[in-house]
Structures are given as structure tokens and as C-alpha cells.
Ligand code: URA
């Protein structure tokens, strides 16, 4: 670079502050403490970046710094499919959010399942959240046929044998007769429905109520909102295992 050229990119602390990591001074401290990496390398104070291109992490969790990224939280209604393009022409979750920029869903919910679904164009975060080894906990309310006994609840907690193997330990509680709260970190196909069927209680209604640190009881079915920068940051932290979700 010639000394006459203006410096390229934005100051890292400014980019981090915009992404919700606190004041610029606080972000300088994060950099100074060696907690910030750019494209895998520990960043030094004075570092400039192109926030659209740089992969920035804080304490190994991806920092949501790219201005072009969008993150939606949708309350998926029953009857809508999660795939982007349905050959049968049924309505899809993509129809329920803005068409530009193009987004895709993080994981999927069955057509008959309701509740929270994240849609984004941030491939890195999506990959991290969908990866089974990262195990972001997803919580469901399942209304089931009959009223599960304490033994059935214990079996669900400890693991039940499905045709694709035994399920990992889950957090399960009976919140009312015939109503279970089930939190799992695996994401097998129709997992909650199959777990409940395996202990003799077919699911009548299934609602996802939490994805890691993100929950929202005021979002009406069929509507969406943008995730806050703090929520996106906490999702990334949860995906790398730095946050445990209460419950
Ligand atoms: N478990 C299910 O059975 N269905 C879903 O859509 C999600 C989890």
C-alpha cells in the first residue's frame, strides 16, 4: 500500500460494536485480550476488515458482523412445508418472509408441526446450528394421546429405541395431563413424534417453542420478526457450547 492510499476496510472494534459487543472501548479490550479472530487468526488492535468478507469470531463463536446478512424468526403454522420449492405447489416457509435477499431455513419442521424456525442467508451460522455435534437445544410442547405415566416420561428422558438408534438423553417434563415439554439437541427426522409413539403416546399437536437461547411467545402463527443482534450472537455462542439454556 502506498502511503497516499486511504486505509482499507473498517476498524474491527467499530464492526464489533455495531454487532452488539458493547462500546468501541469494550471491543478494543476484547481485541486486546486476544479473544477476537479474523479468518482464524487472532486479531491485533488497529486491524481493519471488510465486514462483508471477513469471518470474525469472538471467543470462537461467529460474530454476526456482515451487514448483508438477515436473520428471521418465523412462527411456522401447520400445513406449510419447510422446503424452499415444493413440487406439489404447497405453501412454503419461504413464502412467509421477504423474498430478497434469498434466505433458507435452518433445519426443518414437519408440515404438521408449528412453531419457531430460523431463516437466514448466513451459511456459516446455519451450518453451525444444524450440525448435530453442536447440539443447540430445541424445545417442543407436545400434546399427546392419553396421559404419559412417570415411567413413560423417564423413558423419554433416558432415551428410547427408534429404528435409527437410541435417542440421546432429553429434558422431558409433563406440564399438564397429556402435555409434555421435550427438549432435545438431536435433529432426526420426526424425532419427537417418533419418541412419543415409541412410549405409546401418539402426538396430536407439536409446537417448537425454543431454539437454543431464542424463544418468543408473542409471535403470531404465520408471522416473522428479525432476530436482534444479541439473539444472533447468543445463538452462535450456544452453537459452540458456551451457553447453556435454562430449563
Ligand atoms: N420432531 C418432530 O417430530 N417433528 C418436527 O417437526 C420437529 C421435531
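Values in this text are rule-based calculations from the coordinates and carry no lab data. All figures in this text were calculated on a predicted structure; none of them were measured in a lab. Ideal geometry is used to build each Cβ from the backbone, glycine not excepted, and the neighbour counts take in all protein chains shown.
In table form, for the structure just shown:
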quantity: Spin-label pair residue 229/residue 52, simplified geometry with 7 Å Cα→Cβ offset, distance in nm; calculated: 1.9 nm
quantity: Principal-axis tilt of helix 229-239 within the chain, Cα atoms, nearest 10 degrees; calculated: 70 degrees
quantity: Highest to lowest packing among 185-193, 13-21, scored as the average C-beta count within 10 Å; calculated: 13-21, 185-193
quantity: The range 120-238: relative contact order as a whole-number percent, Cα under 8 Å and 6+ apart; calculated: 32 percent
quantity: Antiparallel bridge percentage (DSSP; both residues within the range 60-152; nearest 5); calculated: 90 percent
quantity: Percent breakdown of C-alpha pair distances by 10 Å bin, ordered from the shortest bin, for the chain; calculated: 7, 28, 30, 20, 11, 4, 1, 0
quantity: The range 88-129: relative contact order in percent, alpha carbon pairs under 8 Å with at least 6 residues between; calculated: 34 percent
quantity: Spin-label model distance (nm) - residue 154 vs residue 171, 7 Å beyond Cα toward Cβ; calculated: 2.1 nm
quantity: For the chain, calculated [θ]222 nm from helices alone, where every DSSP H run of n ≥ 4 adds -39500 (n - 2.57); calculated: -6000 deg cm²/dmol
quantity: Beta bridge orientation in the range 1-159: antiparallel %, DSSP, nearest 5; calculated: 95 percent
quantity: Relative contact order [Cα under 8 Å, 6+ residues apart], the range 1-159, whole percent; calculated: 15 percent
quantity: Cα→Cβ-extended label distance, 7 Å offset, between residue 216 and residue 240, nm; calculated: 2.5 nm
quantity: By average C-beta atoms within 10 angstrom, highest first, the peptides 72-78, 28-34, 124-130; calculated: 72-78, 124-130, 28-34
quantity: Sites residue 179 and residue 110 - FRET efficiency at Förster radius 22 Å, r taken between beta-carbons, to 0.05; calculated: 0.75
quantity: Peptides 136-146, 222-232 ordered by average Cβ neighbours within 10 Å, highest first; calculated: 136-146, 222-232
quantity: Sites residue 78 and residue 202, calculated FRET efficiency, Cβ-Cβ separation with R0 25 Å, nearest 0.05; calculated: 0.95
